[in-house]
Amino acid sequence: MRDIIVLLISMILIITALTSRFAGAVGYWWFGIFRPQDWVWGNINSLKLPLIAIALFVIPCFLQGLWPRFKDPISKLLLGYLVLTVVTQFTSSCIPIGFRISYFQQFAVLLLAIFLTIRVTDSEQRFCWIVAVVGLSLAFHAGKAGLLGMLGMGGTYYGASTMQGLFAGSNGFAFGSAVLLFFNLFIIKMAYAKNALFYLPNLVRSQRTLKLIKLFGPIVCIGIIYNVITLFSRGSALAMFLGLALWFSLSSLLKFKHILIMGIIGVLGLSVIGLPDGYKDRIASAFVEDEELDDSAASRPHFWGIAMEMVADNPLGVGPGCYNTYYPIYDSSFGKYGMYRTVHSAHFEVISEIGYLGALSWILLYVISIKKLFYIRKSVKLTPINKEQDEFYVNAANLLIAAITVFLIGSSFYAMAYNDIIWLLWGLTAVLITLFKQYSSQSQKELKVKT
């Protein structure tokens with residue numbers, strides 16, 4: 001039954017992608033985030049659904065004349081970063097050469113999909129639909145895992161042992177869950193908007209849909225939060241809770257009474273549900289003396305130091321995905337932590353593999369994104385235009401600020417520089433910047449006509 005449902009949804013997305021470029025984008029991200037091939041009982045990899053999804057998205061866009069545009073600063077920075085990865089292909093001596101070329105090809109396809117997603121996501125409704133598809137895709141896995149864990153049914157292992165791709169392993173699953181939690185909080189927040197029906201697709205545009213979101217949305221989010229906790233990923237849990245504090249603050253919900261209520265509920269909830277065995281010891285291990293740190297915590301500064309040695313010798317970087325190959329050459333511990341290790345930090349991954357200019361682009365993407373998103377919030381609050389639409393832009397900015405911040409913090413401990421999520425977050429930021437520019441300019445024109 002599960003296989004039939006997945007194949008049915010896949011076929012619907014493929015058929016609709018033939019007639020709509022935006023449907024192609026939705027299909028691409030559904031395959032990329034939900035990864036139906038990891039969820040079904042049978043093996044459907046022979047169908048090559050991800051390849052079909054990207055083909056039905058990219059090729060029709062080009063045939064229709066929908067090419068990427070680079071009018072906003074985020075798109076320009078993304079293009080610049082892609083150019084830098086091309087440069088590393090000629091300067092890196094990483095062997096085998098086929099490995100780094102394959103890594104680059106995957107990244108180039110991802111950015112192409114991002115550029116085209118920016119192009120076809122040309123309305124507020126479509127922004128919401130992309131967020132919903134991405135958020136609910138992983139929410140199905142993460143929410144179910146957390147709720148099963150709360151019921152003592154071994155939910156921790158649901159997904160962590162079967163998910164591949166973006167969310168392979170417990171750290172990847174926890175990290176993705178922590179970031180995409182805010183996509184689902186955005187969905188819940190928009191369900192309470194006065195014009196909430198305006199943002200729903202025609203197929204599900206009803207009060208019943210809004211009631212379902214309001215009822216089950218918080219439950220799913222609680223499941224996601226507990227899932228991150230039970231996966232023993234300290235970095236993801238830290239980033240998630242800091243992100244939650246930021247999101248509540250931005251949403252004007254972080255008042256003393258709310259903190260008190262949430263604290264009481266959290267304490268009572270955990271006292272009834274409990275934490276996984278060994279969780280307290282796992283957290284405590286990060287705060288002991290240096291000589292008592294577990295291998296996971298103790299090894300990271302070593303890996304980061306090697307990244308800085310690599311870039312000192314290779315200012316343009318060693319090439320995407322090549323840190324692991326270069327690691328044994330620079331490893332001064334003589335294999336204490338193993339061979340061909342990963343850098344365990346997206347930020348050091350970028351500087352070692354794309355070089356100083358890549359790191360500069362990486363930092364600017366964070367800084368400019370956050371700056372632009374706060375500008376949108378400030379503009380809406382200082383000069384309100386339309387209360388209902390203003391609410392959308394504030395909620396969308398809050399979502400992206402919180403999610404990008406969680407990625408910034410969480411990826412400090414995991415090599416996630418080529419993970420689809422952060423590039424999608426920057427893509428959505430570019431979409432919001434473009435939409436807000438059109439919205440504010442149109443409103444100014446209407447105001448001039450009236451006066």
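The values are calculated or read from the model by the stated rules, or taken from the named source; none is laboratory data. Worth saying up front: this structure is predicted, and the values here are computed from it rather than measured. Positions of Cβ are backbone-derived with ideal geometry, glycine not excepted, and every protein chain shown enters the neighbour counts. We work out accessible area using only protein heavy atoms, side chains counted, and drop any ligands, DNA or RNA first. Shrake-Rupley method; radii C 1.70, N 1.55, O 1.52, S 1.80 Å.
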Subject >> Close pairs from the stretch 58-71: first closer than 17 Å to LEU110 by Cβ and outside any loop (DSSP other than H, G, I, E, B), partner open to solvent by 100 Å² or more (accessible area, probe 1.4 Å) and modelled with pLDDT of 90 or more, Cβ under 8 Å, at least 6 apart >> reply: CYS61/TRP67
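Give me the helices (runs of 4 or more DSSP H) completely within the stretch 84-198, filtered to those with at least 3 residues that are modelled with pLDDT of 85 or more, within 27 Å of ARG21 (Cα to Cα) and open to solvent by 50 Å² or more (accessible area, probe 1.4 Å), ordered by residue number. It would help to see each step written out before you state the result.
Numbers: elements: 97-120, 124-150, 169-191.
In the stretch 84-198, 97-120, 124-150 are the helices (runs of 4 or more DSSP H) which contain 3 or more residues that are modelled with pLDDT of 85 or more, within 27 Å of ARG21 (Cα to Cα) and open to solvent by 50 Å² or more (accessible area, probe 1.4 Å).
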Original post:
Counting only residues that are surrounded by fewer than 13 Cβ atoms within 10 Å (Cβ to Cβ) and of a type in the set (Gly, Ala, Ser), which one in the stretch 306-332 is nearest to LEU408 (Cα to Cα)?
Top reply: ALA312
Subject >> the stretch 353-374, residues that are touching a helix residue (DSSP H, G or I) at 6+ places or on another chain (Cβ under 9 Å) and closer than 19 Å to ASN395 by Cβ >> reply: SER369, ILE370, LYS372, LEU373, PHE374
Subject >> Near pairs, Cβ below 7 angstrom, 6+ apart or cross-chain, from the stretch 423-443 (over 13 Å from GLN389 (Cα atoms)) to any residue that is charged (D, E, K, R) and outside any helix (DSSP H, G or I) >> reply: ALA430/ASP72; ILE433/ASP72; THR434/ASP72
Subject >> Among the candidates ILE52, ILE44, ILE14, ILE33, residue that is at pLDDT below 75, surrounded by 13 or more Cβ atoms within 10 Å (Cβ to Cβ), in contact with a helix residue (DSSP H, G or I) (Cβ under 9 Å, 6 or more places away or on another chain) and aliphatic (A, V, I, L, M) >> reply: ILE44
**OP:** Scan the stretch 384-403 and give yes if some residue there is open to solvent by less than 20 Å² (accessible area, probe 1.4 Å), outside any loop (DSSP other than H, G, I, E, B), touching a Gly at 6+ places or on another chain (Cβ under 9 Å) and among the small types (Gly, Ala, Ser), otherwise no.
**Re:** yes
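Only one of these is within 18 Å of ILE354 (Cα to Cα) and not hydroxyl-bearing (Ser, Thr, Tyr): CYS94, CYS61. Name it. If you could, list the steps in order and put the result at the bottom.
Details: CYS61 fails: within 18 Å of ILE354 (Cα to Cα).
Exactly one of CYS94, CYS61 is within 18 Å of ILE354 (Cα to Cα) and not hydroxyl-bearing (Ser, Thr, Tyr), namely CYS94.
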Subject >> Criterion violated by PHE334 - all others in (1) modelled with pLDDT of 90 or more; (2) not in a helix (DSSP H, G or I) satisfied >> reply: (1)
Original post:
On the given criteria, is LEU254 closer than 22 Å to LEU408 by Cβ, at pLDDT below 80, surrounded by 15 or more Cβ atoms within 10 Å (Cβ to Cβ) and not hydroxyl-bearing (Ser, Thr, Tyr)?
Top reply: yes
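What is the residue count in the stretch 333-346 for residues that are among the aliphatic types (A, V, I, L, M) and open to solvent by less than 30 Å² (accessible area, probe 1.4 Å)?
Initial filter on the stretch 333-346 (among the aliphatic types (A, V, I, L, M)): 339, 343, 346.
Still in the list and also open to solvent by less than 30 Å² (accessible area, probe 1.4 Å): 343, 346.
Total meeting the criteria: 2.
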**OP:** May I ask you to list the residues in the stretch 199-217 that are assigned to a helix (DSSP H, G or I), open to solvent by 50 Å² or more (accessible area, probe 1.4 Å) and modelled with pLDDT of 90 or more?
**Re:** GLN207, ARG208, LYS211, LEU212, LYS214, LEU215, PHE216
**OP:** Of the conditions (1) open to solvent by 20 Å² or more (accessible area, probe 1.4 Å); (2) of a type in the set (D, E, K, R); (3) at pLDDT 85 or above, GLU349 clears all except one; give me its number.
**Re:** (1)
